[in-house]
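Q: Let me give you the structure first, and then I'll get to my questions.
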2 protein chains.
Amino acid sequence: MSAPSERLAPRAWRGYFEGSRLLENELERRMKTATGLDLGDFNVLLVLSEAEGCRMRMGDLARQLAFAPGRLTYRIGALERDGLVAREASAADRRGTDAVLTGAGRTRLRTARPVHARHVEELFLGGLDDEALAVLDRVFGPLRSRLLDDCRDAPEPPR
Amino acid sequence: MSAPSERLAPRAWRGYFEGSRLLENELERRMKTATGLDLGDFNVLLVLSEAEGCRMRMGDLARQLAFAPGRLTYRIGALERDGLVAREASAADRRGTDAVLTGAGRTRLRTARPVHARHVEELFLGGLDDEALAVLDRVFGPLRSRLLDDCRDAPEPPR
DNA sequence: TCCAATTCTTTCAAATTCGAACGATCAGTG
DNA sequence: CACTGATCGTTCGAATTTGAAAGAATTGGA
């Protein structure tokens, strides 16, 4: 018998859905005007910077960013033209390509990261108490893991 | 001195950011295959259905959906071709256009809504307890309101 | 070893989205 | 009333994203 959920769930969902979209738009806008980087490209650099040797297989990168494969190819192409990322043939698997963060990429990221952190703090984290942070961590962490796993296991949906 | 926040905040943010993006992708994918509607178009219909007289000014609709104006024009054009939405000149302001939900639009929404609700339940709400729902509501509701207000007041960002 | 199925990335065309500019209308002021 | 600046929605070209297909390489089993 979960009485409060029934009333709360729809409202919580709508608030979350619309709020998170507005938040992402605003972060995108600020990132672009403040650093000249797309939020998407920033995340490419960020995820790469955290990988072993600042390099990652295209496929893994695409999955973690929730990018369609063609999109990542296109985006890495742009970052490569700007010198922020390089492509290298994958050592183990000749089909594969690694995206590698360049020195310029690291520098660019070093500049952009604190700016983005400030935006996130101002728009979102700054208003949260410890309970909220704990809930977010406990809710979205597992959600993220689960959805990541799903798209590894299920290239084709069952049935 | 808010000790836990310092450790928790970055992880909570990453989980939230990546998780919410993966979630939206999955909802989009399922909505499209299950009902043939974009998640974006579905939301257009949904928001319209909740408005007075199932009609709304283009601008208000765009703001609530976090759509750029040109995007809404394009999207309403598609929905109009499908007969789900109609355009009518706004009564009070001759510059304005109202988007109006048609009967077919209502019918389509009636079909799609429970499907979407099931997806949301399966992927997200189903895993949440009352505390999580309460926190989401308390965090994202105000965030949404604040960001909506901001884009009304501040066509140009102050400094 | 050879083959078929699978995986990985890219390519390509079509659809979508963005950003700036535009024409039309409105509101406030003189 | 005329004027100025703001607002509204659309349009337009460019950039991006998608989804499907192709090409290259790997894998596992016969």
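Rule-based calculations on the coordinates, nothing more; no lab input. Computed from a predicted model, the values in this text were never measured in an experiment. A quick note on method: Cβ atoms are made from the backbone with ideal geometry, for glycine too, and the neighbour counts reach across all protein chains shown.
Q: For the Cα atoms of chain A, what angle does the longest principal axis make with the long axis of helix A:39-50, in degrees from 0 to 90, nearest 10?
A: For helix A:39-50, the angle is close to 70 degrees.
Q: Per residue and in cubic angstrom, what volume does the convex hull of the Cα atoms of the stretch A:85-124 have? List each step's numbers first, then the result.
A: On the way: hull volume 3.4 nm³, N = 40.
Value for the stretch A:85-124: 84 Å³ per residue.
Q: Distance from the Cα centre of the stretch A:40-98 to that of the stretch B:128-153, in angstrom?
A: 34
Q: Could I ask something else about it? Please report, for residue B:29, the nm distances (one decimal) from its label point, 7 Å out from Cα along the beta-carbon direction, to the equivalent points in the remaining copies, shortest first.
A: 3.1
Q: Also, quick follow-up: Output the 0 to 90 degree angle, nearest 10, between the alpha-carbon long axis of helix B:130-153 and the longest principal axis computed from the alpha carbons of chain B.
A: 50
Q: Average projected area of the Cα convex hull of chain A, in nm²?
A: Numbers: hull surface 50.8 nm².
Averaged projected area of chain A's Cα convex hull equals 12.7 nm².
Q: Going by the rotation axis that takes chain A to chain B, pick out the residue of A with the closest C-beta and quote the gap in whole Å.
A: Minimum Cβ distance to the axis, with residue: A:135, 2.
Q: Right, next: Rounded to two decimals, what is Rg over Rh for the stretch B:24-95 when you use alpha-carbon atoms and the Kirkwood radius?
A: Working: Rg = 12.8 Å, Rh = 13.0 Å.
Result for the stretch B:24-95 is an Rg/Rh of 0.98.
Q: Using a label point 7 Å beyond Cα on the Cα-Cβ vector, give me the inter-copy distances for residue B:59 in nanometres, one decimal, shortest first.
A: Spelled out, the distances from residue B:59's label point are 5.0 nm.
Q: Measure nothing fancy, just the Cα-based angle from helix A:103-123's long axis to the longest principal axis of chain A, in degrees from 0 to 90, nearest 10.
A: 10
Q: D for the protein assembly as shown, whole µm²/s, Stokes-Einstein with Kirkwood Rh over alpha-carbon pairs at 20 °C and 1.002 mPa s: what number? Intermediate values should be presented prior to the final figure.
A: Details: Rh = 21.5 Å.
It comes out at roughly 100 µm²/s.
Q: Anyone know which of A:52, A:88, A:121 comes out most mobile in the 10 Å Cα GNM of chain A?
A: Among A:52, A:88, A:121, the largest GNM mean-square fluctuation belongs to A:52.
Q: Which is farthest toward the positive dipole end of chain B among B:39, B:136, B:115, measuring Cα position about the Cα centre, with Cβ charges +1 (Lys, Arg) and -1 (Asp, Glu)?
A: The listed residue farthest towards the positive side: B:39.
Q: For residue B:110, place a label point 7 Å out from Cα along the Cα→Cβ vector, do the same in each other copy, and report the separations in nm, one decimal, smallest first.
A: Its label point is 6.3 nm from the equivalent points in the other copies.
Q: To the nearest 20 debye, what charge dipole does the protein assembly as shown have about its Cα centre, counting +1 at the Cβ of each Lys and Arg and -1 at the Cβ of each Asp and Glu? List each step's numbers first, then the result.
A: Numbers: 52 positive and 50 negative charges, 183 e Å.
Charge dipole of the protein assembly as shown: 880 debye, to the nearest 20.
Q: Roughly how many debye, to the nearest 20, is the charge dipole of chain A about its Cα centre, given +1 on each Lys and Arg Cβ, -1 on each Asp and Glu Cβ, and no other charges?
A: Numbers: 26 positive and 25 negative charges, 92 e Å.
Taking the Cα centre of chain A as origin, the dipole is about 440 debye.
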